Every structure is written in C-alpha cells, then in structure tokens.
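Here the structure comes first, spelled out in structure tokens, and everything after it is commentary.
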Amino acid sequence: MITHPSAAELTEALKAVQTGPPGDARAAFIARVADNARATLGREAALGPAAEAAAVERLRDLLALDGNFATLNEELCARLADGRLAPLNPAVLAHLKISLVDQIAIDQPGYSGLAALEAAS
Amino acid sequence: MDVPAALSALAPRLSPGATRATNARRLSGGASQETWTFDLDDGTPLILRRRPTGGAMSAAALPLSTEAALQAAVAPRGAPVPEVVRVCESADGLGEAYVMRRLDGETLGKRIVRDEAFSAVRPGLARRCGEVLAAIHATPLDGLPPLATSDAASELARYETVYRQSGAQRPVFEAAFRWLADRAPPLERPVLVHGDFRNGNLMISPEAGLIGVLDWELAHLGDPAEDLGWICVNSWRFGEWRRPVGGFGDYQDLLDGHAAAGGAPVSLDRLLFWQALGSLKWGVMCLMMYASFASGADRSIERAMIGRRASETEIDLVLLMAT
C-alpha cells in the first residue's frame, strides 16, 4: 500500500546498515534513522492491512469501481489529474483526510500536522 | 586535498595579522557543499564553504562566487549576513570556495522554537524575519550576478514534472497541483528572493535574535511572497504548529514587519498560496531524495526513509485545501 519506499525496500535498506565506530556522529545518526525505520515497519505491519482495507472500501464508493488498492488509487489520481474530479471535491477531501491520518500514524505518529488537522475538524 | 594546509597557506590573505589557520574541522551535513569551521592564529573565527572535489553540481545550485556576491549585495541594505572575507582563486588551492566570518548563534530549529535560552528573542523574531526579507527584496537588481527568474506557474510546472518522473501515485499531490495551478498569482515585479529562508538557514542569537541569513544557493528572482510563505511551511515549525512563522510567530507579525520595512504589500492569501506550494515542493523533494535510493545511486537507509516524510506534506496540504 505505502510506496516510495515500500516496506520491502525499507527492510532491504536496513539489512545494509553497518555499525559504525563508537563516538562517530555520522554512524550515530544512521543508527537513529535505522531505529526509526524499524519502528515504522512495526507500525505498518500492525496498522497497514486494516488501513488499506478501509481505503479500498472508501475508494469503491467514491469511484463507483471495483478493484484492489493500487488500481483504485491510480484511478483517483487519473481523475484528479484530468479534472473529472475537482481538487476540493468534499468526498475526495474526506477520503484523503482519513487516508493521511492512517498513513501518518505509520510514517510519523508524532508529526504535528496530525494535531493541526484534528483541531480544525 | 589537504584543506587545513591550504587554509593555513591562505591565512595571511584572510587577515593581516594572521600566519596560519587552526582548528580546521569539517561540519556534518550539506551534501552539495562542504562547510569547514576554522580559526586564524590572530583569533579571527571563519567558515569555508567549498564545492567538493569532483562533486556534481545540482542543476538548481548557484556558483559559490554568486552566493558570495549576493551576501555582499544584501549586506548594505541591512540584511544580516556573514561578512565575505575572500572568494577563492585557483591559486588558493581550495577549488570553488569562499571564506566568510563565523557567527556565534544557533541554527537548529528544534532549539530555537523550544529552548528557554531563546524565549526572550522569540516574540520579536517573526516581525524581524519580515523586516529582513523586505531588505533582501529591496536589493537593486542592477549589478547582481546572473540569476534565473521563476514565478508560481513555472515553479509548479517544474515540480509537477519531477513528480511525474517519480512514478508515484499520490492523490494529494494530484489535487494540490490542480488547486494551486488555478490560483497561481502572476509575477508583478521580480525581486531578489533568498529561496530557502527557513529554520536551519537562519542564525539566531539568544541575545540579538536573527544575526545571519545563510545558504544562498537557491536564490533567484521571483515573488517576494515566496520567501514569506516558505518559512511558514509546517515541516520547519518543529512541532510548534500553532505558531505558523517558523514555529515562533504569527502571520501578521511577519507581514507587518515586511510592510514596515518598505516591502510591497503581500496579502495573507498570497502568503498562504506560497506556503502550500512550499509544502508541495518539500513533498516532491522527499520523493526526489528517495529516488536516489531507488535508482541504486545511494542505497542508505537515510535516503530510503526520507521518502516517508512526503506524507507529512500531504497532511499539511489536505488541511490547507480543506480550510
């Protein structure tokens, strides 16, 4: 569901991480990024499948189409790109809001944009 | 290349009383440039900025001599910038490089928006940013080195092309490109725009506030509201989302400071347009950085993980579009 990078790519990148010499600032930074990546993968394994299933349900209603997540998401992008769906279409925005709340819960649960969005709605 | 040795050889030309350089150390960060901190033996604190040997120059980055010339051009207008001491020549043995005075302050946004040490300067910082931007925007264009001109429509087109090349399917970006294209304001009178005026590139002193605007590599001619919007992008508020200007101030303070210092009037709507375009640009940049992982050019976990920051710009864009 989530791409750029996918969970598989993160797993692959994690395998290549090497432990640096103690006290090396660059190695310490990479170790923190690797910890973040492992935590992201854990959240994605726990939350991703339900989020994707819910997104597919919403997209089927929104687009009046059947298909898997990738197909439906691509169709939504195509309709937004060529103007068949307006960027401020309330049903589109409602779907995007829920999708982003779900994705931020995986990618960056501490990100302040989540609190800002919740305060506005 | 032995940078410390080359700096020592250059020392007498950097300060009349100096005979050698000491404490030369490369600072981390900065993929396209190297930054070195060093002192002269007469006590002068300096910074060297240089293009890495064999380093590829990104298409958007300016020659370092241009950065130095811009810093020299904005200083007389009252914009705080590090004083340029020398633009290096090939005989200096440092490649494409320049030397400037080292300022004493903080650039880390996380500290600037939260630490007690900055509580006295935070309340005036947004207004001060507006004043400084007005000074930069008032720089006479005659005599500046060659700079590209870009307006909202061309920026949008440039980033949409990059997004299409990424192959990503992101409905928020699709919606944002259409929404912003419909509202793109015309460029009335191009001014000198810093292009990366945000936490990270602003040197803040706990006593004196904003003392240095750094990193001029994205400067160009364009809409003054571009700089005013960029510093309001939520990605550099470091959690302080209720203070839209860099996590430390309010929109009106920034706009009032800009107007009081002689800046052409900028409406909040125009600022918010550029803030949204800024979020979209940062989101596409995250995808670009991830692309260097996907292509195999840089297989580090850092390059892979930056792609997962694109969603932060999407949640910010959804909020901007919905309100």
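Residues that are farther than 19 Å from A:C77 by Cα, within 7 Å of chain B (Cβ to nearest Cβ) and touching a residue at least 60 places away in the same chain (Cβ under 8 Å) within the stretch A:92-107 comprise just one, A:D107.
Close Cβ contacts (under 6 Å, 6 or more residues apart or on different chains) running from residues in the stretch B:306-321 that are in contact (Cβ under 8 Å) with a residue 24 or more places away in the chain and more than 7 Å from chain A (Cβ to nearest Cβ) to residues that are aromatic (F, W, Y) and surrounded by fewer than 24 Cβ atoms within 10 Å (Cβ to Cβ) comprise B:T313/B:W282.
For the stretch B:1-43, name all the residues that are touching a residue at least 24 places away in the same chain (Cβ under 8 Å) and out of contact with any strand residue (DSSP E or B) (no Cβ under 7 Å at 6 or more places or on another chain). Answer for the stretch B:1-43, where residues must be touching a residue at least 24 places away in the same chain (Cβ under 8 Å) and out of contact with any strand residue (DSSP E or B) (no Cβ under 7 Å at 6 or more places or on another chain): B:M1, B:A6, B:A9, B:L10, B:G17, B:S32, B:D42. Residues that are of a type in the set (S, T, N, Q), within 13 Å of chain B (Cβ to nearest Cβ) and closer than 16 Å to A:A7 by Cα are absent from the stretch A:54-71. Going by the conditions given, is B:A310 within 27 Å of A:A31 (Cβ to Cβ), touching a helix residue (DSSP H, G or I) at 6+ places or on another chain (Cβ under 6 Å) and assigned by TED's automatic domain parsing to the domain that holds B:G195? Against the criterion (within 27 Å of A:A31 (Cβ to Cβ), touching a helix residue (DSSP H, G or I) at 6+ places or on another chain (Cβ under 6 Å) and assigned by TED's automatic domain parsing to the domain that holds B:G195), B:A310 qualifies. Of all residues being surrounded by fewer than 21 Cβ atoms within 10 Å (Cβ to Cβ) and within 9 Å of chain A (Cβ to nearest Cβ) in the stretch B:167-185, which is farthest from B:G283 (Cα to Cα)? Just the residue, please. Checking each candidate, the answer is B:D182.
Consider the stretch B:246-301 and keep the residues that are among the polar types (S, T, N, Q) and at pLDDT below 95. The one that is surrounded by the fewest Cβ atoms within 10 Å (Cβ to Cβ) is B:S295. Checking each residue in the stretch A:1-37 for being assigned to a loop (DSSP other than H, G, I, E, B), facing another protein chain (nearest Cβ under 7 Å) and more than 22 Å from the chain's Cα centre (by Cα) picks out A:A16, A:V17. If you go through the stretch A:108-121 and pick out every residue that is touching a Lys or Arg at 6+ places or on another chain (Cβ under 8 Å), free of Cβ contacts under 8 Å to residues at least 40 places away in the same chain and more than 7 Å from chain B (Cβ to nearest Cβ), you end up with 1. Only one entry of B:A79, B:A91, B:A72 meets the criterion of being outside any helix (DSSP H, G or I) and either out of contact with any Ser or Thr (no Cβ under 8 Å at 6 or more places or on another chain) or not assigned by TED's automatic domain parsing to the domain that holds B:A259 (or both), and that entry is B:A79. Close contacts from the stretch B:183-197, counting a first residue that is at positive phi and a second that is of a type in the set (A, V, I, L, M, F, W, C), with Cβ to Cβ under 8 Å and a gap of 6+ residues or different chains, come to B:G195/B:W216; B:G195/B:L218; B:G195/B:A219; B:G195/B:W230.
When A:R79 is tested against the conditions (1) without any contact (Cβ under 8 Å) to a residue 40 or more places away in the chain; (2) surrounded by 15 or more Cβ atoms within 10 Å (Cβ to Cβ); (3) among the basic types (K, R); (4) more than 10 Å from chain B (Cβ to nearest Cβ), the lone failure is (4).
The values are calculated or read from the model by the stated rules, or taken from the named source; none is laboratory data. For clarity, every value in this text was computed on a predicted model and none was experimentally measured. Please note: Cβ atoms are built from the backbone with ideal geometry, for glycine as well, and neighbour counts cover all protein chains shown.
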